[in-house]
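Read the structure below first, then the notes.
The values are calculated or read from the model by the stated rules, or taken from the named source; none is laboratory data. All of these numbers come straight from a predicted model, not from anything done at the bench. FYI the Cβ positions are ideal-geometry reconstructions off the backbone, even for glycines, and counts take in every protein chain you see.
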Amino acid sequence: MKSIDWKDWEIFCRVVEGGGFTQGAELAEVPKSSASAAVARLEGQLGIRLFERTTRRVRVTQRGQQLYERVAPLFGELREISAEAASVSAEVSGTLRIATPYEVGSQHLSPSLSRLLKLHPSLRVQLDVSWDQPDLIRHGYDLAFVMTDTGLHDSSFASKRVVLIERAFYAAPSLIRERGLPRVPQDLEGWPTLGSIDDGRWEFLRDGVEMHTMEVEPRICTHNAEVRLKGAIDGLGVARLSPRFVQEQLGHGQLVRVLPNYMSSPLKVYVLMPARKLMPASVRAFLDVLEETLGVPDGRKPIPRTLLGAAPKWATLTAGSLGLPDGLADAGAGIHVAGGIDGAVVPPPDGTPPIVTLDDGV
């Protein structure tokens, strides 16, 4: 019997997972030409066609899908066995594969990854952007980060909550000029909103207590916070965003915080990993660094204040730039000048007026 080239089988699985030869070759870490040749050899040995190829796309055949579903779990087990065996080594090496939403990667993981790679020069990291929870086993990820309003429902993976991301409400000065200044959450009823895919309602919390909820039908629905941010700057609607994510835009007067005495429910960020008896050394090393960098919100170490999205101490938005009537603040209409997150007036270093926000009148 002719010997089996398991590398060809592994490449075949990667092409299925990648949805084509280009992505499959990247997953298998081989040139595209090598991936194509491996699949051709396998088709020749088996005497069947594994993929339907056109000039526009590559699609796995029904027989190819059946074979993939039987073979792919075997490679998943082999990778796990290999990772477990390698974990006994003193040196952390190899490639750590991570999937994460863009906002988590850019705002929270970068310091941890930098420290990890400095501590372990032989380690490599592959960081993929994904807003949906990926199939860790199928796609070969060691870790995946997910954001959720509630909790996790899939118990097939080991999980740990690592970050809380607070959220508040923001709009462009032009939208406030057009719609008027909201005093209480109910005033936002009927305003255009910008939200994530699963946004059906917004919660308005004061001192951690839910005071009001509002059904929303966002004009823009996307998990991509940068798209929502750009839409808010352009005056398309009110956006619910992390205060940390909008500091620059607040400072430049492109956005103003709406109802500053209210927050929304925080996003919980979890890290998921395949349930294993023995954790690979690279995963253990990353989790250790992550804990040092972020802290543990479950009680052993407080979350750094910066992760909660403290508002900037000042911005250059003035009452005049909002087009407010003269004397409106003196008339008790609920406008006040506020600076830091605690409401203290902190003028900017260049002497320009602090940000003008709206008091809810309570």
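Some observations on this one:
- Candidates ARG183, ARG179, ARG201, filtered to the one that is surrounded by 15 or more Cβ atoms within 10 Å (Cβ to Cβ) and free of Cβ contacts under 8 Å to residues at least 40 places away in the same chain: ARG179
- For region 216-244, filtering for residues that are outside any loop (DSSP other than H, G, I, E, B) and either under 19 Å from GLN107 (Cβ atoms) or out of contact with any Asp or Glu (no Cβ under 9 Å at 6 or more places or on another chain) (or both) leaves 16.
- Candidates are the residues of region 1-20 that are among the acidic types (Asp, Glu) and part of a helix (DSSP H, G or I); the one that is nearest to VAL58 (Cα to Cα) is GLU17.
- Number of the exception - THR193 against (1) among the polar types (S, T, N, Q); (2) buried (at least 19 other Cβ atoms within 10 Å of the Cβ); (3) closer than 30 Å to ARG79 by Cβ: (3)
- Criterion applied to ILE81, ILE137, ILE98 was being more than 30 Å from PRO243 (Cβ to Cβ) and not assigned by TED's automatic domain parsing to the domain that holds GLU29, and the one residue passing it is ILE137.
- Within region 102-120, the set of residues being in contact with a Phe, Trp or Tyr (Cβ under 6 Å, 6 or more places away or on another chain) and either modelled with pLDDT of 85 or more or not assigned by TED's automatic domain parsing to the domain that holds THR293 (or both) comprises LEU116 only.
- Test: LEU229 is of a type in the set (A, V, I, L, M, F, W, C), under 30 Å from LEU294 (Cβ atoms) and touching a residue at least 12 places away in the same chain (Cβ under 8 Å): yes
To keep it simple, each residue is scored yes or no on (1) touching a Phe, Trp or Tyr at 6+ places or on another chain (Cβ under 6 Å); (2) at pLDDT 90 or above; (3) outside the structural domain of HIS139 (by TED's automatic domain parsing); (4) closer than 27 Å to ARG284 by Cα.
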position	(1), (2), (3), (4)
GLY19	no, no, yes, no
VAL30	no, yes, yes, no
LEU42	yes, yes, yes, no
ILE48	no, yes, yes, no
TYR68	no, yes, yes, no
LEU74	no, no, yes, yes
GLU77	no, no, yes, yes
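- The single residue among GLN23, GLN45 that is touching a residue at least 24 places away in the same chain (Cβ under 8 Å) and either in a loop (DSSP other than H, G, I, E, B) or of a type in the set (S, T, N, Q) (or both) turns out to be GLN45.
- Segments classed as strands (runs of 3 or more DSSP E), wholly inside region 89-197, with at least 1 members that are touching an Asp or Glu at 6+ places or on another chain (Cβ under 8 Å) and among the small types (Gly, Ala, Ser): 94-100
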